[in-house]
1. Can you check what the net charge comes to around residue 70, using other residues whose Cβ is under 15 Å from the Cβ of residue 70 (Lys, Arg +1; Asp, Glu -1)?
2. FRET efficiency for residue 438 and residue 191, Cβ-Cβ distance as r, R0 = 35 Å, nearest 0.05?
3. Could you tell me the calculated FRET efficiency between residue 233 and residue 157, based on Cβ-Cβ distance and R0 = 51 angstrom, to the nearest 0.05?
4. For residue 116, what charge total do you get from the other residues with a beta carbon under 13 Å from its beta carbon, if Lys and Arg give +1 and Asp and Glu give -1?
5. Filter 105/527; 453/498; 245/363; 354/518; 178/233 down to the pairs with a C-alpha to C-alpha distance above 30 Å, please.
6. Can you give the percent of C-alpha pairs in the stretch 5-425 whose distance is more than 30 Å?
7. So which trypsin sites (Lys or Arg not before Pro) in the stretch 372-428 pass both tests, a DSSP loop state and at most 16 other Cβ atoms within 10 Å of the Cβ?
8. Give me the Kirkwood hydrodynamic radius of the stretch 308-467 in Å, from all C-alpha pairs, to one decimal place?
Amino acid sequence: MFNLGRIAALFHALAVAHTLITPITAFPTDQVISARTAALFQRSPESRSDNSILVARTDCSSPPTYNAPAITDQDFPAYDATQANFYRYRQQQAVNLGSWFVHEKWMTASLFQCASGKKAAEIDIANGWGGVSGARAILEQHWDTFITEDDFKYLASIGINTVRLPIGYWSLGPDYTKGTPFEAAGAVYQNSWPRIVRTINQANKYNIGVLVDLHGAVGSQNGQDHSGISDGKVNLFTNTGDQDKTVDVLTYLTKQLVNVNNVVGIEILNEPKNVAGLIPFYDKAINAMRGVSDAARSFPLYVHDGFDLTKFSSYIAGRQDFVVQDHHSYFVYTASDKAKSASQHTADIKGSIKSQLQSASNKQHRNLVVDEWSCALSAGASASAAEDFCNAQMNTYTSTAAGWSFWAYDKDGCANDAGWCFKSAVGKNLPSTFFSYSGSGGKVPDSIAQTAKSSRRSDDEHNNLNAPGSSSPSSISQTRSLKRLEKRSRHARVADQKRDAAQTAQTRGHQDGVQVAKNFASFNMSKLGFTRQYVHDNLATLSAGTVQSANEDDYATGFIAGLQEGQTDAQNASS
């Protein structure tokens, strides 16, 4: 079997080239990671600055009304495995669509003006606003206006190729709220799922992938307001009924989304408490989701690490299937964070943090993303220091991980909050564009398009992306070598066979790497991101005997070299 660990050094070399390799995190030492864990759970107005100025609603006795338009874009395009692979394996430049379907008061405080109870979480909105009809009206209006198709068009125009979409179990509709704290308000969400379908399809129009993130699990995975509840309780890991209901939600999502081209995966839980029951729950959920269908066996599944990079790096390293670690990175919560200047944080990011990320990446075959981070700093940083800090993060996560996702796209008071609001940060703390190939604008050069087109014709003939059954130079070379070997002694023949088989595998890997780089570039100038997972999965699809099991590392060596060569060609063609 392909040994993912033995070729870690090959992928380490690629990180320097700003193209391929690793996983994620964001803290200089494990001790600092532990110190931040508790603080990172606190996603509230007290822990994140909220610059919004809201007009208070003076009368909450009269429920709002909303004449919702018809919900469009309800049919997913026909499944195309090749296109789905581009979305799922490519390097991700992403943004979170936070506080759209799971609300956070510090981001969208206006929705909490007539909420019930503590006025702190999604459930308080659902139980407020004068009843079900009022709550549904205020939420449906928000779903229809907070982010629209024009936003996806804008994101694609600046090189964002993926979005992370936080949802709650309640987002699936009333049937999935039964026996949960949301049951009484279930009807509020009767039109929620069709809007999520619309979101995915609107993103697809602009070749944007969607990671569907279960931000709120039944029973709550962390007791925080952003999991949908305001009572502070964490019941998921102690209540088997809540676990079963959450797994039902996850299997439903898998059934609905596994054959949707631009869905890059499902994140099983967001920021769960790192308790003893977390990994057993992940195992239970993954087994159930993989069992949905044959296609689900290779569908990307994302797991948040509970802010324990090392523990989950080992967990991912021990798996062969497409499971990705998500690690979140912020620098504003702990006393040590606040004591450091922006320049000190920047130095840490470029030094110890980058080293830590690279080490984790090498261990877990690059299946890592940093899917929450921001430009937020403690008060006092100059504009130039803030820009250096933010760009250092982005560059580090790009070189050491298969993707990153900024928190968050929009919020109340966005124009004055470039630390937390992506729309405000673009062109200020962040660059103006984010394309995988600098200067490309996402436009595919004719030479790349023609090469990829020829490759697809070959794929049709040989039923594999890289045409393993073709009479390639490597297979011809192998045939000639075997004829020569018949004339040699048995001992020499065995030695030569091993040497020739290794060379054949490496040659084949190099050819495939060059072609794969150009194939991905033909899709909006994308780059392969989950490199080692792709190599592993591609080897499994090659015809029997194309690459001997003993030579799979040789194939990988050639593939990485070819991938670098192909990406260099694509960059030169787009310059």
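Bear in mind these aren't lab numbers, they're just calculated from the coordinates by the rules spelled out. The shown structure was predicted, so the numbers you read here are calculated from the model rather than taken from an experiment. Virtual Cβ from ideal backbone geometry, glycine too; neighbours counted across all protein chains shown.
1. Its environment carries a net charge of -3.
2. The pair residue 438/residue 191 has a calculated efficiency of 0.25.
3. So, using R0 = 51 Å, E works out to roughly 0.75.
4. On the way: positive: 118, 119; negative: 122, 124, 231.
Every neighbour counted, the sum reads -1.
5. In this structure, 105/527; 453/498; 245/363 lie more than 30 Å apart at Cα.
6. On the way: 33708 of 88410 pairs.
The proportion of pairs with Cα distances above 30 Å equals 38 percent.
7. Numbers: sites: 411, 423, 428; in loops: 411, 428.
Here the trypsin sites (Lys or Arg not before Pro) that fit, given the DSSP loop and packing criteria, are 428.
8. Hydrodynamic radius (Kirkwood, Cα only) of the stretch 308-467 equals 18.0 Å.
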